[in-house]
Structure formats: structure tokens, C-alpha cells
Amino acid sequence: MVSRVSIALGLAWLFYSPLLAGESPTLYGIGRVGGPESPQMLYRLGPSGEAEAVGLLGLQSCDGLDFDPQGKLFTICERDGLSILAEVDPDTG
């Protein structure tokens, strides 16, 4: 249930395409539905704060989201004890 999801790990504003297309910026967040070892989900946050699930990231222990200057979305996650930079598809997670 979305109301139980904690979206405290990271948020990112999508600045590049809304400005070009004349749309409002989109806010994204990462959260998990289960316990601390559950895969994380990408959420799109609406203007009134509602969270819409976009899709599973397939990664765990992710921290933060950010867009690069070309508009690609990235997160930093932990895999096998190492920090990795992972690209995230904002349409599918």
C-alpha cells in the first residue's frame, strides 16, 4: 500500500524535459514495500503528494536520485559490499 511506503531515501526533480515541453516538473522517490532487504521501487510523486508506483528497481540499499545534464536518472546502490552507480529508467523503474 502506497501510504505505508517510506520515500525517504531520495528525491529528484526532473528539470530538463518539462522546461522544454512546457510541462510541470516531476518529482521521483525511492522506497521499499517490505523489510530492509526488499527490492526498492521507483515512485512518481503527484502535485498533492500521492505516490504512484513506476516499477521495481531490481536493486537494494539505494540512496538518492539525480539527473545528469543529459536527463538520465541515476541512483547509488550497494551490491556485493561495493557502491555502484546505476541508471534508472524513469518510465519503468
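Side notes on the structure shown:
- Close pairs from the range 34-57: first open to solvent by less than 50 Å² (accessible area, probe 1.4 Å), partner among the aromatic types (F, W, Y), Cβ under 8 Å, at least 6 apart: L42/Y28; Y43/Y28; L45/Y28; A51/Y43; V54/Y28; V54/Y43
- Within the range 58-93, considering residues that are open to solvent by less than 90 Å² (accessible area, probe 1.4 Å) and small (G, A, S), the one farthest from P25 (Cα to Cα): G81
The values are calculated or read from the model by the stated rules, or taken from the named source; none is laboratory data. From a predicted model like this one, the values you see are computed outputs, not experimental measurements. For neighbour counting, all protein chains shown are included, and Cβ atoms are generated from backbone atoms with ideal geometry for every residue, glycine included. For accessibility, only protein heavy atoms count, side chains too; no ligands or nucleic acids. Shrake-Rupley method; radii C 1.70, N 1.55, O 1.52, S 1.80 Å.
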